[in-house]
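Please read the structure below before turning to the comments.
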Amino acid sequence: MKDHSHLNVNRPVHLARRDAYYEYAVELLNRPMHGMDLRERIRHAERAAALFKTASQHARFASRSPQAGPNERDFLRFLQLIIDQVESLLAMNQQQTHFVLEECFLGRFLQAQPEQLQLLPGHYQRRAEDIQDGLCHLLQLAYPPHHELYEANLQSLNESERVRYSQAYACFREDLTRSDLEQVKSVQTSG
C-alpha cells in the first residue's frame, strides 16, 4: 500500500491559498466597475484572472490528497469555468482598445472608414457587461457550495492542520489586501 502522507503535508496551506485567492477574486469582480475607464477594466479583469488561476493551481494541489472528495474536484472544474469566463470578459474589454487607438490598425486592415467602425466598441462593451453580469450571478450561486466545501475541508483537518490553515489564510489575505493598496497608491501617484 502506497503512503500518500506527502500529499497531505501542505494540504492546509494549499486549501488556505485556494480559499483566500478565490474569495478575493469574487470580491474583486463584485466591485462596481461603472466608473472605470477601459484601461482600469482591463487591469481589473487581468487581476481577477490571475487570482482565479492561483486559486485553481492550489485547488489542484489540494485535490491530489487522498482526503480530497468529489466536491473538491468539482470545485476545481468550476474554477476552470470561471477562469474561461473571466478571460472572455478580458477579451471583450481588450477588443475595445482596437477602436480607441489613434491609428486604428483594424480600420486600415478592413479598409473601413471610422464611421463604419463606430458601433463596434459599444458592441464589445455590452458583451463585456453581459459576461460580467452572468459571472457575478454564477459566483453568487456558488457561495453556498463553496462554504460547504470550506466547512468539509476544515472538518477533515486535525487541530494542528486547522491552525496552519488559519495562519496561512490570514497571511494570504493580508498579502492580497496590501498588494491592492499598493496598486491603488501607484495608480494615484502616476495618474
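The values are calculated or read from the model by the stated rules, or taken from the named source; none is laboratory data. Note that the coordinates shown come from a computational prediction; the quantities given were computed from them, not determined experimentally. Counting neighbours? That spans all protein chains shown, and the Cβs are built from the backbone with ideal geometry, glycine included.
Suppose the filter is free of Cβ contacts under 8 Å to residues at least 60 places away in the same chain and of a type in the set (Lys, Arg); does ARG41 pass it? No; evaluated as a whole, the condition is false for this residue. None of SER179, SER190, SER186, SER156 is at pLDDT below 95 and within 17 Å of the chain's Cα centre (by Cα) except SER179. For segment 22-60, the candidate set comprises residues that are in contact with a helix residue (DSSP H, G or I) (Cβ under 8 Å, 6 or more places away or on another chain) and of a type in the set (Gly, Ala, Ser); within that set, the residue that is farthest from GLN94 (Cα to Cα) is ALA59. Pairing residues of segment 57-73 that are over 8 Å from ARG18 (Cβ atoms) with residues that are of a type in the set (Gly, Ala, Ser), at Cβ distances under 6 Å and at least 6 apart in sequence or on separate chains, gives GLN67/SER156; GLU72/SER63; ARG73/SER63. Of everything in segment 101-121, what is exposed (fewer than 15 other Cβ atoms within 10 Å of the Cβ), part of a helix (DSSP H, G or I) and touching a helix residue (DSSP H, G or I) at 6+ places or on another chain (Cβ under 9 Å)? Give them in sequence order. Within segment 101-121, PHE105, LEU106, LEU110, PRO114, GLN116 meet the criteria.
Taking the listed residues ALA168, ALA152, ALA142, ALA128, the one that is under 28 Å from ALA20 (Cβ atoms), among the small types (Gly, Ala, Ser), touching a residue at least 60 places away in the same chain (Cβ under 8 Å) and loosely packed, with under 15 Cβ neighbours inside 10 Å is ALA152, with no other qualifying.
Residues are listed down the side, and each one gets a yes or a no for (1) of a type outside the set (Val, Ile, Thr); (2) more than 10 Å from the chain's Cα centre (by Cα); (3) surrounded by 15 or more Cβ atoms within 10 Å (Cβ to Cβ):
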| position | (1), (2), (3) |
| --- | --- |
| ARG17 | yes, yes, yes |
| TYR22 | yes, no, yes |
| MET33 | yes, yes, yes |
| GLU40 | yes, yes, no |
| ALA50 | yes, no, no |
| ALA62 | yes, yes, yes |
| PHE75 | yes, yes, yes |
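If you check GLY134 against the conditions, is it surrounded by fewer than 18 Cβ atoms within 10 Å (Cβ to Cβ), without any contact (Cβ under 8 Å) to a residue 24 or more places away in the chain and out of contact with any His (no Cβ under 6 Å at 6 or more places or on another chain)? Answer is no for this residue.
ARG43 meets all of the listed conditions (1) of a type in the set (D, E, K, R); (2) out of contact with any Asp or Glu (no Cβ under 9 Å at 6 or more places or on another chain); (3) closer than 30 Å to PRO12 by Cα but one, namely (3). Whether a residue is at pLDDT 95 or above and within 24 Å of LEU29 (Cα to Cα) was assessed, and ALA142 passes this test. Listed by position, the helices (runs of 4 or more DSSP H) enclosed by segment 1-88 that each have at least 2 residues that are modelled with pLDDT of 90 or more and not hydroxyl-bearing (Ser, Thr, Tyr) are 11-30, 38-63.
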